[in-house]
Amino acid sequence: MLFDSKKLFCANVGDSRAVLYSLVKKTNFKITPLSEDHKPGLPNEKKRIEGVGGRVEPILGPQGQWLGPDRVWMKNEDTPGLAMSRSLGDGLAHSLGVSAEPEVK
């Protein structure tokens, strides 16, 4: 985050959240979300991933049931299984549409 006395900038990648706690009264706070998690199931994130050949779905359990959150997989292999759609430094995931580009607000 960057604060220049008039504006607050927030940039994030992945599932690290930023929130702003503001003092409203001496004992009350206001909590304002500044970022959102980048999850593979979000429509724009899923579209980008599937557009370059990645697959978005949860883990397939031993009895054919879906388990847990959506994850990023190779088209025909159950790897890497990343549960976020943006990440730094994951070459395999980046080749499947996972982005290192931050969202800036």
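Throughout, read-outs are computed from the coordinates displayed, never taken from laboratory work. On a predicted model such as this, the values are computed, not experimentally measured, just so you know. Heads up, the Cβs are rebuilt from the backbone with ideal geometry, glycines too, and the neighbour counts pull from every protein chain shown.
Some values worked out for this structure:
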| quantity | calculated |
| --- | --- |
| Ser5 being closer than 16 Å to Met84 by Cβ, out of contact with any strand residue (DSSP E or B) (no Cβ under 8 Å at 6 or more places or on another chain) and not in a helix (DSSP H, G or I) | no |
| Where Ala18 falls short, out of the listed (1) under 15 Å from the mean Cα position of the chain (by Cα); (2) touching a residue at least 40 places away in the same chain (Cβ under 8 Å) | (2) |
